[in-house]
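Report on the structure given below.
No value in this document is a laboratory result; all are computed from the given coordinates. Keep in mind the model is a prediction, meaning the values are calculated, not measured. No Cβ is skipped: glycine too gets one built from the backbone with ideal geometry, and neighbour counts run over all protein chains shown.
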Amino acid sequence: FKPKFSVVAVHVVMKNIPYQSDAEYLRNFAESWGIPFVLYETEFDASTDTRKSPCFLCSWNRRKALFTVAKEQGCNKIALGHHMDDILETLLMNITYQGAFSSMPPRLVMKKFDMTIIRPMCLVHEADLIELARIRDYRKQMKNCPYESQSSRSTMKGILHQLEEMNPEARYSLWGSMSNVQDELLPKRTEIG
């Protein structure tokens, strides 16, 4: 079984965020593998919706840009680079701040957009990706976001490390918990309020 598919690399530049990326390096890397490269520029105004964090608005606008490019390119899937640590950190953030047991699924069908989001690196540890980048001598793209200090992701990264110090298998327990929800052992909505 040899599935046939084609790949387009897309880099979204948020013009009003001073995120430094070497687009020419990214383009050359993609094209060296015979993969077309699309650079898409967009921006957002954080003052337009003060109910949402700038990180949410930036992410939402970048995602919107990916859907736009995917449609223009005739794609039916968008592959994102989230790794296991990203997914577990999101789980911890959603439990802590949203009161929701949710994260980012490895596959999410977006019927409204006739598109599927996939996360092919969902089982890969961030540390393994860092090591691979070092071995292959990939050039690091610099992050310089003025809103990053307001994000709780780095805090959750620290909490995930603390959990692993308590239990070296903590990440696998957290991962497994997402598909092992025991409803009968959780309070019912009517019982708690």
Let me check I've understood the local charge: for N28, count other residues with C-beta under 11 angstrom from its C-beta, Lys and Arg +1, Asp and Glu -1. What total comes out?
-1
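Give me the mean projected area, in nm² to one decimal, of the convex hull enclosing the Cα positions of segment 100-178. Present the calculation step by step, with values, prior to reporting the outcome.
Details: hull surface 31.9 nm².
Across all orientations, segment 100-178 yields a mean hull projection of 8.0 nm².
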Among 152-158, 115-121, how do they line up from the highest to the lowest mean number of other beta-carbon atoms within 10 Å?
115-121, 152-158
Within the chain, what is the number of lysine pairs with alpha carbons under 23 Å apart, leaving out pairs fewer than eight places apart on the same chain?
23
Want the number for E164 to R189: 0.36 nm per residue separation, take away the alpha-carbon distance, what's left?
5.9 nm
Option label - Cα Rg over 2.2 N^0.38 Å computed here, alternatives (1) 1.09; (2) 0.95; (3) 1.15:
(3)
Distance in nm between label sites at V124 and N61, each 7 Å beyond Cα in the beta-carbon direction?
2.9
Sorted by chain and then number, the residues having a modelled amide H within less than 5 Å of the amide H of I78, at least 5 places away or on another chain, are T116, I117, I118
